[in-house]
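Have a look at the structure below before the remarks.
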Amino acid sequence: MRPTKAFLEKTYKEMNRPEFIHPDPLEFVWRYKSAADREVVGLIAACLAYGNVNQILKSVEKVLAPMGKSPAAWIRNTPPAEIKKALLRFKHRFTTGAEMAVFLLNIKRALEGHGSLEKLFLAGYDKTEPTVEEALYRFINAFNSQACAPTLTPCPAHKSSFKRINLFLRWMVRKDAVDPGVWTGVSPAKLLIPLDTHMRQVSMNMGITKRKDTSMKTAVEITAFFSGAAPQDPVKYDFALTRAGIRGNNT
């Protein structure tokens, strides 16, 4: 039986709390106060969010370690050669230090060219489109325009659910006790569910979808269901519904 709005709201009230964030890469975003640092750290943490959650936290920590109090300033001010040197020994599952350096250099170019990651996203954002799906593809294409880090920001042509970018967008756009909401130019109503195996399983168990894949089509279908309960904020239930699985298993 599909969940009612009352059930969803009850779960949100009980589970959408800051004390339940750990273990989650989102905790790194809350370490910083400025929007500039939060969006940079958010993209790093979200794009490394694959594999065992404990390893994810260790890997994000390693990337941030040389950056000091302001990761955004470090990326802006550090020469490319030094960025590459800082990541020489880094490894996270399929992501090498060389690839991580490419990813950080893409962030550096985005900051230099647009001023912020939000402004880069807004350059391809159309308020008339039903969701952020097409804007997400434009953002990744622009981000990868000079070089690609495929295990971190894959090619949009693959039409995956882009769970990690949608997770990043949730953190940046939504604002409540869990999501810091540092962006102001994107509507929460346009967000898509960050579809990982936990949300897919939860959605199947609750009868929200019968699809067994984690494609963009499945993400859109699940998001449409939640839009019925919260049309202005359809991904508000994501954290609460997946919390039990994420706290006890791999991501």
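The values are calculated or read from the model by the stated rules, or taken from the named source; none is laboratory data. None of these values were measured; they are calculated from a predicted model. Neighbour counts run over all protein chains shown; Cβ positions are idealised from the backbone, glycine included.
Right, A135: touching a helix residue (DSSP H, G or I) at 6+ places or on another chain (Cβ under 9 Å), at pLDDT 95 or above and closer than 27 Å to I56 by Cβ or not?
yes
Output the residues belonging to the range 73-105 that are surrounded by fewer than 18 Cβ atoms within 10 Å (Cβ to Cβ), assigned to a helix (DSSP H, G or I) and among the charged types (D, E, K, R).
Scanning the range 73-105 gives R76, E82, K84, K85.
To keep it simple, each residue is scored yes or no on (1) within 12 Å of the chain's Cα centre (by Cα); (2) in a helix (DSSP H, G or I); (3) more than 22 Å from S116 (Cβ to Cβ); (4) aliphatic (A, V, I, L, M).
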| residue | (1), (2), (3), (4) |
| --- | --- |
| E134 | no, yes, no, no |
| R138 | no, yes, no, no |
| T151 | no, no, yes, no |
| L169 | yes, yes, no, yes |
| M172 | yes, yes, no, yes |
| V182 | no, no, no, yes |
| H198 | no, yes, yes, no |
| G207 | no, no, yes, no |
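For the range 70-79, indicate whether the set of residues that are of a type in the set (D, E, K, R) and touching a His at 6+ places or on another chain (Cβ under 9 Å) is non-empty.
For the range 70-79, residues of a type in the set (D, E, K, R) and touching a His at 6+ places or on another chain (Cβ under 9 Å): absent.
Tell me, please, whether a residue that is farther than 22 Å from P23 by Cβ and either in a helix (DSSP H, G or I) or not charged (D, E, K, R) (or both) can be found in the range 235-244.
no
Six or more apart or on different chains, Cβ under 8 Å: which pairs go from a residue in the range 66-88 that's on the phi < 0 side of the Ramachandran plot to one that's in a loop (DSSP other than H, G, I, E, B) and not charged (D, E, K, R)? Could you list them?
Taking only residues 6 or more apart or on different chains, the pairs are S70/Y32; S70/S34; P71/Y32; A72/S34; W74/G68; A86/T78.
Which of the following residues is aliphatic (A, V, I, L, M), under 30 Å from F7 (Cβ atoms) and out of contact with any strand residue (DSSP E or B) (no Cβ under 8 Å at 6 or more places or on another chain): I107, I140, I165?
So the residue among I107, I140, I165 that is aliphatic (A, V, I, L, M), under 30 Å from F7 (Cβ atoms) and out of contact with any strand residue (DSSP E or B) (no Cβ under 8 Å at 6 or more places or on another chain) is I165.
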